[in-house]
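As structure tokens, the structure follows; a few thoughts come after it.
The values are calculated or read from the model by the stated rules, or taken from the named source; none is laboratory data. Since the model is a prediction, treat every value here as computed from it, not as a measurement. Every residue, glycine among them, receives a Cβ derived from its backbone with ideal geometry; neighbour counts consider all protein chains shown. Surface areas here come from the heavy atoms of the whole protein model, side chains and all, with no ligands, DNA or RNA. Shrake-Rupley method; radii C 1.70, N 1.55, O 1.52, S 1.80 Å.
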Amino acid sequence: MDSVGSTKGTSKVESGDVTPRSQKKAVVIGGGPVGALAAMYFSKMNWDVEIYELRPDPRSLAGRAVQSKSINLAISERGLNSLKVVDPLLLEEVLKETVPMIGRCIHPGKGNFKGKGGGESQKYDIHGRFIQSADRARLNIILLDWVAKEPNVKIFFEHALRKLDLDKKYAEFEQRSTKETVTVNGDFFVGSDGAHSTTRRFLQRYILMDYEQVYIDTMWKELEILPEERTGGFRIDGNHLHIWPRKDFMFIAIPSPDYTFTCTLFMPQKYFDEIGDTREGLLKFFNKHFPDVITLIGEEKLVEDYFRTSKLPLISIKCSPYHYSDRCVIVGDAAHAMVPFYGQGMNSGFEDVRVLFDHIKAHPHDLALALRNYSAERKLDAHTINDLAMRNYIEMSADVTSRWYKFRKATEELLYAYLPWMGVRTMYSMVSFSNIRYSEVVARVRWQSGVLNRVSAVLGMGMIGVIAMGASRFRWWWGPMWAEGVMVSRGIAERGLGLIRSWVGV
């Protein structure tokens with residue numbers, strides 16, 4: 001790997017000419033987790049790869065000092081599969097730095113906290129599958145270390161994109177410490193530079209891009225629960241995502257491998273205004289809504305951390321298409337930034353890379369066609385998961401305490417476990433524990449909602465049949481009528497089952 005500020009491997013463009021190269025070169029703009037993974041995929045396909053990252057090297061002291069705040073990442077099947085496809089050993093390395101989360105632990109209100117056993121566990125999956133919690137900074141370092149081992153990859157930090165000419169196939173970066181302009185030739189440019197993507201801004205000059213940006217009426221502030229002083233372990237159950245839902249705001253705590261919990265307070269601005277800028281206002285608010293959180297964090301640390309950290313907005317971005325000709329593509333948050341409430345931001349970004357390379361492999365000699373197909377396919381799925389993430393805020397902050405939500409979830413899981421031929425699964429299991437396209441997940445959920453409504457109607461018929469068959473044991477009450485009653489009850493039950501089978505196509 002080259003040192004920070006190195007310009008090795010770059011060349012100056014004269015009169016717009018591109019220096020001939022025998023090897024194709026991909027320039028990845030943005031060295032976060034998605035960018036590092038994209039570089040690995042290109043490397044495995046024998047491209048020369050150069051990564052240009054705006055921030056300092058996160059593995060350096062300077063990089064750690066400016067590490068931006070980030071809600072802890074949840075890695076699920078889509079992300080894990082994308083890592084496994086490029087290198088199974090990389091997946092193993094990543095998993096060593098994660099914490100399994102088997103479900104949500106709900107803390108509904110004052111007085112329910114009972115130490116590590118407190119709260120109500122709502123498991124993610126009836127078959128015991130789980131998601132993984134990971135620290136974003138640590139994950140980024142693992143990926144950078146891994147890709148830096150590749151002989152055809154170079155990484156440059158503290159380089160800010162200043163110009164991108166996709167017709168002449170070069171980019172200009174400013175080296176932030178020296179202010180030097182570095183001109184880089186490339187055959188293909190990948191924008192993985194986040195929600196406020198500079199690559200996307202330049203791409204919009206070349207294509208008619210539909211673009212939508214929304215800031216939601218919810219801000220977030222990061223806090224922390226430290227390990228127990230005596231044991232060094234988790235203060236509450238370390239295999240759950242803990243949620244304190246309060247309808248239109250909530251507090252969550254996600255376990256980290258170092259036995260801390262990364263905590264996030266999600267609230268509309270009016271509640272931050274209610275707290276104000278005083279210690280008294282903060283403690284009054286938490287004593288009213290999250291009294292057990294004060295116990296977990298500690299009063300002094302809560303006050304210190306709350307007023308030290310900034311509250312930040314949440315943005316959702318949709319755009320399309322994601323490419324220009326055979327020259328450029330944007331992936332991850334640069335293409336579809338989403339709110340964090342479904343835990344799919346990084347997973348969908350990793351999946352972007354895998355799906356992109358599925359198309360490139362399908363059309364190895366026609367990159368323009370591969371990119372057109374990629375944009376066409378990915379738009380629907382990216383827009384779908386953005387919408388699901390928005391809606392899931394309501395589920396996390398309010399619905400998880402609803403009896404109807406719990407009943408419907410239990411019904412779907414029981415049907416999935418004991419009547420798999422019906423094809424009914426929870427939306428969460430399809431999003432988090434499969435690689436089914438997001439758009440197809442939503443289509444299936446609409447279909448099975450109709451099935452569940454019909455099943456509910458038929459259950460009444462089935463119950464009548466069950467009751468009648470049970471009553472047949474007391475046939476001496478019925479005399480000669482009992483045999484006829486049994487036949488009728490069986491007919492009702494069989495007709496109900498037949499209706500269900502015909503509705504689900506089995």
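Counting residues in segment 313-336 that are over 18 Å from Ile29 (Cβ atoms), more than 24 Å from the chain's Cα centre (by Cα) and either open to solvent by 10 Å² or more (accessible area, probe 1.4 Å) or not small (Gly, Ala, Ser) (or both) gives zero. Candidates are the residues of segment 347-365 that are open to solvent by 20 Å² or more (accessible area, probe 1.4 Å) and either assigned to a helix (DSSP H, G or I) or in contact (Cβ under 8 Å) with a residue 12 or more places away in the chain (or both); the one that is nearest to Asp326 (Cα to Cα) is His359. Could you say whether any residue in segment 411-432 is within 22 Å of Gly332 (Cβ to Cβ), in contact with a helix residue (DSSP H, G or I) (Cβ under 7 Å, 6 or more places away or on another chain) and of a type in the set (Lys, Arg)? Within segment 411-432, not a single residue is within 22 Å of Gly332 (Cβ to Cβ), in contact with a helix residue (DSSP H, G or I) (Cβ under 7 Å, 6 or more places away or on another chain) and of a type in the set (Lys, Arg).
Looking only at segment 122-166, which residues are outside any loop (DSSP other than H, G, I, E, B), under 27 Å from Tyr428 (Cβ atoms) and open to solvent by 30 Å² or more (accessible area, probe 1.4 Å)? Residues satisfying the conditions are Lys123, Arg136, Arg138. Annotation note: of Ala171, Ala160, Ala137, the sole residue that is modelled with pLDDT under 95 and over 20 Å from His336 (Cβ atoms) is Ala137.
The rows are residues; the columns are (1) at pLDDT 95 or above; (2) touching a Lys or Arg at 6+ places or on another chain (Cβ under 7 Å); (3) open to solvent by 60 Å² or more (accessible area, probe 1.4 Å); (4) over 27 Å from Val184 (Cβ atoms).
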| residue | (1), (2), (3), (4) |
| --- | --- |
| Gly30 | yes, no, no, no |
| Glu50 | yes, yes, no, no |
| Glu53 | yes, no, no, no |
| Arg78 | yes, no, no, yes |
| Leu83 | yes, no, no, yes |
| Asp87 | yes, no, no, no |
| Leu95 | yes, no, yes, yes |
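When the criteria are applied in full, Lys69 fails the requirement of being out of contact with any Cys (no Cβ under 6 Å at 6 or more places or on another chain), surrounded by fewer than 21 Cβ atoms within 10 Å (Cβ to Cβ) and at pLDDT 95 or above. Take Phe286 and tell me if it is among the aromatic types (Phe, Trp, Tyr) and free of Cβ contacts under 8 Å to residues at least 60 places away in the same chain. Considered against the rule, which asks whether it is among the aromatic types (Phe, Trp, Tyr) and free of Cβ contacts under 8 Å to residues at least 60 places away in the same chain, Phe286 comes out as yes. Among the small types (Gly, Ala, Ser), within 25 Å of the chain's Cα centre (by Cα) and open to solvent by less than 20 Å² (accessible area, probe 1.4 Å), is that true of Gly238? So Gly238 fits the description; yes.
For segment 167-192, taking the residues that are more than 21 Å from Leu367 (Cβ to Cβ) and of a type outside the set (Ser, Thr, Tyr), the one that is surrounded by the most Cβ atoms within 10 Å (Cβ to Cβ) is identified as Phe173.
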